[in-house]
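A short worksheet on the structure shown next.
Where a number appears in this text, it was derived from the coordinates with a stated rule and is not lab data. As the structure is a prediction and not an experimental result, all values here were calculated from the model. Cβ: placed from backbone, ideal geometry, glycine included. Neighbour counts: every protein chain shown.
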Amino acid sequence: MEYYRLKAQAFPTPYLGALAGQVLASPYLAVNNLNRDFVGTRGFSIVFRRSGLEGVGRRFPYLKPYLTQALDPACNAFYLNALLLTAGSRVDPHIDRSLRSYCKTIYPPFQVSVLYVRVPEAMAGGELILSLRKRRVGVIRPAVNLLLTFQGDLTHAVNAMTSPGKRLSLVCEQYALEEEELHQIPELTLESRNLKD
């Protein structure tokens with residue numbers, strides 16, 4: 001992979017509609033639990049090891065087709081975030097290390113997969129900017145049913161959305177951890193500001 005790859009029409013169209021409905025109706029969808037780089041966004045996150053993948057499928061069956069296609073067999077730990085942007089939302093430049101709250105010495109993920117589930121028809125802003133050491137290597141304009149995979153060490157940001165509507169994506173950080181690191185990652189846990197269980 002040279003920085004990133006794209007796959008258009010990655011899933012059957014009915015699946016995208018059902019997926020959007022399930023995520024947007026989730027009781028866990030709330031003001032994002034991610035760091036301050038995620039300005040005005042909403043979402044929830046699922047942390048799991050490969051050994052917890054079956055449990056993810058049982059608890060969130062609507063994610064199974066996405067995970068089946070997106071997960072790299074070489075990876076053994078994952079941070080999946082449902083990310084919702086609306087007018088005024090943006091994501092400031094960062095490199096993913098969301099498992100750092102479980103393992104302080106974590107390196108960036110092997111790769112990151114993004115599925116664009118819903119995108120406003122006349123979206124203004126909302127582009128994903130990919131950079132390597134301050135050199136821009138990609139500008140991705142979201143499109144419904146576009147599956148993007150990019151190198152985990154890339155700095156990335158999302159331009160502010162200036163139009164109405166909902167930009168919904170599933171973002172999965174994929175890590176290939178050593179055994180010592182992997183033992184610090186939960187088999188399956190949920191992160192949400194609406195968590196009640």
Search region 10-38 for residues that are in contact (Cβ under 8 Å) with a residue 24 or more places away in the chain and farther than 15 Å from residue 192 by Cα and pair each with any residue that is hydroxyl-bearing (Ser, Thr, Tyr) and part of a helix (DSSP H, G or I) when their beta-carbon atoms are under 7 Å apart and the residues are at least 6 apart or on different chains. 18/62; 19/62; 22/62
Of all residues being in contact with an Asp or Glu (Cβ under 9 Å, 6 or more places away or on another chain) and crowded, with 16+ Cβ neighbours inside 10 Å in region 130-145, which is farthest from residue 155 (Cα to Cα)? Just the residue, please. 142
Close pairs from region 96-113: first over 15 Å from residue 182 (Cβ atoms), partner surrounded by fewer than 16 Cβ atoms within 10 Å (Cβ to Cβ) and among the β-branched types (Val, Ile, Thr), Cβ under 6 Å, at least 6 apart: 108/95
Scope region 39-52; condition in a helix (DSSP H, G or I) and either acidic (Asp, Glu) or surrounded by 19 or more Cβ atoms within 10 Å (Cβ to Cβ) (or both); matching residues: 52
Pick out the one residue from 121, 127 that is closer than 26 Å to residue 166 by Cβ, of a type in the set (D, E, K, R), out of contact with any strand residue (DSSP E or B) (no Cβ under 7 Å at 6 or more places or on another chain) and surrounded by fewer than 22 Cβ atoms within 10 Å (Cβ to Cβ). 121
When residue 79 is evaluated against the numbered criteria (1) in a strand (DSSP E or B); (2) over 13 Å from residue 187 (Cα atoms), which criterion, by number, is the only one it fails? (2)
Being among the aliphatic types (A, V, I, L, M) and within 24 Å of residue 132 (Cα to Cα) is the filter here; which residues of region 9-53 pass it? 34, 39
For region 149-178, give me each residue that is under 15 Å from the mean Cα position of the chain (by Cα), farther than 21 Å from residue 13 by Cα and in contact (Cβ under 8 Å) with a residue 60 or more places away in the chain. 150, 151, 154, 155, 156, 157, 158, 173, 174, 175
What number of residues in region 54-76 are part of a helix (DSSP H, G or I), without any contact (Cβ under 8 Å) to a residue 60 or more places away in the chain and within 23 Å of residue 192 (Cβ to Cβ)? 7
If I go through region 114-148 residue by residue, how many of them are more than 20 Å from residue 67 (Cβ to Cβ) and in contact (Cβ under 8 Å) with a residue 40 or more places away in the chain? 12
Scan region 9-38 for residues that are outside any loop (DSSP other than H, G, I, E, B) and not polar (S, T, N, Q) and report the count. 14
